[in-house]
Every structure is written in structure tokens, then in C-alpha cells.
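Inspection log for the structure reproduced underneath, given as C-alpha cells.
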Amino acid sequence: MSFLKVMPAALENLREITIPFAEGVIETLSAGDMVGLSGSLYTGRDQTHRRLCALLEEGRELPVDLAGQLLYYVGPTPARPGQVIGSAGPTTSYRMDPYTPQLLELGLKATLGKGKRSRPVREAMLKHGAIYLATIAGAGALLSKSITRAEVVAFEDGGPEALFRFEVERFPAVVINDLAGRDFYEICAAAR
Amino acid sequence: MKIIETPQITETVREMAIEAACDLEPDILEGLVQARDRETSPLARDLLDLLLVNADIASREQMPVCQDTGVSVAFVSIGRELIVDGDPEAAVQEGIRQGYEEGYLRKSVCDPLTRKNTGTNTPAVVHLESHSGDDLRILYLPKGCGSENMSRLRMLPPSAGIEGVVDFICETVFAAGPNPCPPLVVGVGIGGTFEKAALLAKRSLFRPLGEHHHRRDVAELESAILTRLNREGQGVEGMGGSNTALAVNIEVFPSHIASLPVAVNIQCHAHRHKERTLAGRDWSGQSESQG
């Protein structure tokens, strides 16, 4: 692909990580680590979360098993004919904070978005051994190049708020919250 | 007098919606290049490089720069020597509907209570205005809401003074941190009333990057706030460096003696904005439809 000719070095030195995470991998990731994620993930944003948690409250089964998975906060633009997906960058994560602890209890291992998480979410992540990553905000066209397959698996009527399954290759991300309780945004702010 | 038919407005808005989503304006690209060139943090410089690569891919492949193709905001000013043959607001709404469908843009507008998506990205937020002249001017901004959500308005007491205004603007940006996708364009409305301040803040976002307010004291305030944001702010994407904001645009309007409203409208680095002027054709004074 032609864009690779101008790809900055930042994307060439990523630590390759397979998702869902193999046993023991999350423990080796630290706040600030730049990773390239390859494998499969699920997506969801505001209404996706509301609907998942509504199902849980009704005691019903979720359309996907989130145990061990990574959940990417994204509402992509529609794919043009011949495209895998449209623009597909991260949405702001704090809006998912009210729902996240419930999903972590199901064994969700990582979330991916942009921006800060709440204190309760950070505590829930520590309790359940989960991490939070961010990817490049406002770079949805670039990030779409790392998505090799996309299919809607639930809530199709939600349009951009459907739950997708993506296959990704070297999807760039940075670890924000690690298992030691560190926060990369706080580290960056303290370094000023 | 001149006359313009509404299909021309619809077609123009349709084009603007698609172009705005996929092609960043030259002033924003230049602003990102300048930010990259003066950036001292290696990570922030890499991130700015990636944003430029993203803009390049988006333009070449006509794929939206950002998946949040926004809630559509249009300021439409109709010359007082121009007759619009039909409903200008409906023409704009139809242009948005067509552009979002044909441009493969994300439909992000929903009922605020039920959260049910309208499926068309309409209604757009349309502000109709008038001016002296015989043309029709459209300012268009698809507003992403990661940044819109970080915006704030406060009714300050006059005793807060300029210092209070500056503190409120800076606090708003610092509290937002990485959430609104910095480097930002910070739109500020000072004065007027509750709604006027918000409108001034939104309107200020259309000012070309690098231009300052014509009033010297306001321009100096813009520069001083920008310097402070970039010195104390969280930097590119909240990950450090010296580029928390690309610009601070302030608009002012006289306020009540008891009041000092300040609105801060936060805009992300994917600052998509378009401007078009449509000329009408000569009108003889006789409505053709009555022919």
C-alpha cells in the first residue's frame, strides 16, 4: 500500500501483540508501551453498552462472550463498495465508564479508545486484571488500514452503534492503564 | 435583485458535506505542519506526523478524516438583494441528507431522549442570517462531539474580570485533557447573553487559522491564552509536547452591566470547515412560476 512509504517510524517499532491476549501477556505490558495489535476484537460505543448492560440486568445472555476479549470504542463510517470498513478511529472512552465495571466482571480483559477513565473504572480494571489502551484519535482513515475484516455480530439496527467483530493487523495502540495502576496520561502530565 | 433556486443550495451543501468530511482545509493542514515543525517532544511529533498521513489518506481515498463526521452546523446568510425561490432551511437539510448518504458518511444524529438515530444525519443545526448584498453565503462545519462535549459556558460576575475569563478558558481546556483530541482550536465567545456567547464561540471557529481578532486587545488576549495552553496543557492527544492548541479564536459582544458570559467551544484537530458563496441570477421582478 502506497501510504506505507510515508509511514512515520512511530508505527514501525511497535511491540507485536496478539489479541485475544495469550496467558501472561497483559502482565508484561506497561503504561506507555506502544503496541501493534493483531487478531480479533469486538467493538461498541454508547448504545451498544447500554444494550449489553440492559441484557445483563434482565438476566439474559449476551450476543457475544466477552471473556478474555478486547473491546474497541468505535462507531465507523460505512464502507464504500470494495472497502473493508470506512474511517474507524476511537471515540472518547469516559462515556463508557458507567458500563465498564459490569463488563469487566464478565472477564473483559482490555478496552481501547481515547481519553481518561474514571477512578471506579481504574479500580475495577485492577480488581479484574484488565488494561486500557488508547489509539490515535482523529486518525480514522489511517487506522482503517489496520482492519482486515469487519462484520456486524449484534445490534445491526444501531447503525454506527452496532457491535462489530474486527480482524486487525498491527493496529497501533498505546497502553494507558496497566496492571500496576499506572496511567500514561498522568505520567505525561507529570513530566511537564 | 437576484434570485436563486433552492436545488442550487441543496447541491452546494451536498458537496460541502462530503468535501468537509474528507478534505481538511489548507489552513488546518498548514497549522498541523507548523505544530509538527516546532514540536519538541518526539512522541508528539510522531503523532502529528500520523495525523498528516491520515489527512493524506483521507483526501486521496475520499474516506472521512475522522469517523465522527459530526452533527452538521451551517450558518447561511442571505443577501437582502437576493430572493430565495423556496425554503432555504429545507434546502440545506436536503443537502445534508444527500451528502451523508452519497458520501458514505456516518449518520450520528439521534433523538436526545430515546437515542434513536434519525438515519439521515438531519436535522442539521442551521442559523439563517442576512447581509447587505445579492449573494448567498454558506459556512459549514461538521462538529465532532468528542470535542463538543468538552465545551463549557459560564456566567461570570463582572468582578472576575479578564483574569477570570482567561482562567475559565484555560481550566476548560485543562479539564478536558486528552478527551477532545488536541491539538485544539479553542472557540471563545465573550459577552452578549447566555445564547449569544455560545453562538459567538461557535462562529469564531470559522476564522482561518493564524488570523487574529481585529481588535488589538482581543488579539493579544488570544496570543496570551494560546501561550499558556501550550505551556501548561497536556499536549498532542494528551501525550505531552508543546501543542495543546493550534489557535484561540475570541469573539466579543457587549454584555449587560451585571454580566460577563464566557462560552468555550472546543474543536478537535480534525477541524473541518467549509465556506462557499453562491451568486444568484438576474431577476426581472416577475415571478416566472406565475408566467
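Counting partner chain Cβ atoms within 10 Å of every residue's Cβ in B:104-112, what's the average? Present the calculation step by step, with values, prior to reporting the outcome.
On the way: counts 8, 4, 10, 5, 5, 0, 4, 0, 0.
Other-chain Cβ atoms within 10 Å of each residue's Cβ, averaged: 4.
Please report, in Å, the Rg and the Dmax of the stretch B:1-131, where both are computed over Cα atoms only.
Rg, Dmax (Cα atoms, Å): 18.0, 58.
State the percent of C-alpha pairs, over all pairs in the stretch B:158-212, separated by a distance greater than 14 angstrom.
Values: 933 of 1485 pairs.
Percent of Cα pairs beyond 14 Å in the stretch B:158-212: 63.
Between B:VAL188, B:VAL73, B:VAL84, where does the largest GNM mean-square fluctuation fall for chain B, given springs only between Cα atoms within less than 10 Å?
Among B:VAL188, B:VAL73, B:VAL84, the largest GNM mean-square fluctuation belongs to B:VAL84.
Of all the accessible heavy-atom surface of the stretch B:1-48, with the other protein chains kept in place and a 1.4 Å probe, what percent is carbon and sulfur?
After summing per-atom areas, the C and S share lands at 51 percent.
Treating only the Cβ atoms of Lys and Arg (+1) and Asp and Glu (-1) as charged, compute the dipole magnitude of the stretch A:58-178 about its Cα centre; round to the nearest 20 debye.
The dipole of the stretch A:58-178 has a size of about 540 debye.
How big, in percent, is the set of alpha carbon pairs in the stretch A:78-192 lying more than 16 Å apart?
Values: 4236 of 6555 pairs.
In whole percent, the long-distance tail amounts to 65.
Only helices at least 20 Å long along their axis, Cα-based, and averaging -1.0 or more on Kyte-Doolittle count here, so list those DSSP H runs from chain B.
Details: long enough: B:6-22 (25 Å, 0.05); B:42-61 (28 Å, 0.40); B:88-102 (21 Å, -1.13); B:161-176 (23 Å, 1.33); B:216-232 (24 Å, -0.52).
For chain B, where a helix must reach 20 Å along its axis and average at least -1.0, the hits are B:6-22, B:42-61, B:161-176, B:216-232.
Out of the trypsin sites (Lys or Arg not before Pro) in the stretch B:1-105, which ones are loop residues according to DSSP with at most 13 other C-beta atoms within 10 Å?
Listed in order of number, the matching sites are B:ARG80.
Across all directions of projection, what mean area in square nanometres is found for the Cα convex hull of the stretch A:66-112? It would help to have the intermediate numbers written out before the result.
On the way: hull surface 15.1 nm².
Mean projected area of the Cα convex hull: 3.8 nm².
Accessible area per residue of the stretch A:15-148 at 1.4 Å probe, in Å²?
Numbers: 4790 Å² over 134 residues.
Accessible surface, normalised per residue, equals 36 Å².
Give me the log10 of I(q) over I(0) for chain B at q = 0.10, 0.12, 0.14, 0.15 Å⁻¹, as the Debye formula computes it from C-alpha points; what are the numbers?
-0.57, -0.81, -1.06, -1.18
For the stretch B:32-95, what is the accessible area per residue in Å², given a 1.4 Å probe and the full set of protein chains?
Numbers: 2250 Å² over 64 residues.
So the stretch B:32-95 comes to 35 Å² accessible per residue, rounded to a whole number.
Would any residue of the stretch A:45-88 have its amide N under 16 Å from a label point 7 Å out along Cα→Cβ of B:LEU113? List them or say none.
none
To the nearest 20 debye, what charge dipole does the stretch B:166-230 have about its Cα centre, counting +1 at the Cβ of each Lys and Arg and -1 at the Cβ of each Asp and Glu? Before the final figure, lay out each step's value.
Numbers: 7 positive and 7 negative charges, 43 e Å.
Approximately 200 debye in magnitude.
Which value in Å does the Kirkwood hydrodynamic radius of chain A take, with 1/r averaged over all unlike C-alpha pairs and then inverted?
Details: mean 1/r = 0.0595 Å⁻¹.
In chain A this quantity evaluates to 16.8 Å.
List, in order, the whole-Hz ³J(HN,Hα) value for each residue of the stretch B:239-253 obtained from phi through the Karplus relation with A = 6.51, B = -1.76, C = 1.60 and θ = phi - 60°; use x for Gly and Pro.
Once θ is set to phi - 60°, the couplings for the stretch B:239-253 become 10, x, x, 9, 10, 7, 9, 8, 6, 10, 10, 10, 10, 10, 8 Hz.
Along the positive direction of the dipole of the protein assembly as shown (beta-carbon charges: Lys, Arg +1; Asp, Glu -1; about the Cα centre), which of A:ALA137, A:SER118, A:VAL64 reaches farthest?
It is A:SER118, whose Cα lies furthest towards the positive end.
With the Cα gyration tensor of the stretch B:204-291 in hand, give its eigenvalues times 5 under a square root as the equivalent ellipsoid semi-axes, listed largest first in whole angstrom.
39, 20, 12
Where the centroid of each part is defined by its Cα atoms, how far is the stretch B:98-150 from the stretch A:161-178 in Å?
So the separation of the two Cα centres works out to 29 Å.
Short version: ³J(HN,Hα) in whole Hz for each residue of the stretch B:183-188, in order, from phi by Karplus 6.51 cos²θ - 1.76 cosθ + 1.60 (θ = phi - 60°), x for Gly and Pro, what are they?
Calculated HN-Hα couplings, in order: x, 9, 10, 9, x, 10 Hz.
Charges at C-beta only: +1 for Lys and Arg, -1 for Asp and Glu. How large is the resulting dipole of the protein assembly as shown about its Cα centre, in Debye rounded to 20?
Roughly 780 debye, rounded to the nearest 20.
Give me the accessible area buried between chains B and A, both sides summed, with a 1.4 Å probe, in Å² rounded to the nearest 100. Please list the in-between numbers first.
Details: alone 13780 and 9580 Å², together 19710 Å².
Separately minus together, B and A give about 3600 Å² buried.
Please identify, among A:PRO76, A:PRO63, A:PRO20, the residue showing maximal mean-square fluctuation in a Gaussian network model of chain A using a 10 angstrom Cα cutoff.
Largest GNM mean-square fluctuation: A:PRO63.
Have a look at A:THR18, B:PHE194, A:GLY107 and report the one farthest towards the positive end of the charge dipole of the protein assembly as shown, computed about the Cα centre with Cβ charges (Lys/Arg +1, Asp/Glu -1).
The residue sitting farthest along the positive end of the dipole is A:GLY107.
Need one value: the accessible area of B:ARG231 in square angstrom, 1.4 angstrom probe, rounded to the nearest 10.
140
Distance from the Cα centre of the stretch A:19-73 to that of the stretch B:214-287, in angstrom?
38
On alpha-carbon atoms, Rg over Rh for the stretch B:83-219 using Kirkwood Rh?
With Rg and the Kirkwood Rh in hand, the quotient comes to 1.00.
For the protein assembly as shown, take every pair of Cα atoms, bin their distances at 10 Å starting from 0, and report each bin as a whole percent.
It works out to 4, 20, 29, 26, 15, 5, 1, 0, 0, in whole percents.
Straight-line reach from A:LYS127: which lysines have Cα under 17 Å away, leaving out those fewer than 8 places along the same chain?
Straight-distance partners of A:LYS127: A:LYS109.
Could you pull out every Cys in the protein assembly as shown that lacks a partner Cys with its beta carbon under 4.7 Å away?
Cysteines of the protein assembly as shown left without a disulfide-compatible partner: A:CYS53, A:CYS188, B:CYS22, B:CYS66, B:CYS110, B:CYS145, B:CYS170.
For chain B, what is the relative contact order in percent, using Cα pairs closer than 8 Å and at least 6 residues apart in sequence?
Values: 630 pairs, mean separation 76.6, N = 291.
It rounds to 26 percent for chain B.
The values are calculated or read from the model by the stated rules, or taken from the named source; none is laboratory data. Computed from a predicted structure; not experimentally measured. Positions of Cβ are generated from backbone atoms using ideal geometry, with glycine treated the same way; all protein chains shown enter the neighbour counts. These area figures cover heavy atoms from the full protein model, side chains too; ligands, DNA and RNA do not enter into them. Shrake-Rupley method; radii C 1.70, N 1.55, O 1.52, S 1.80 Å.
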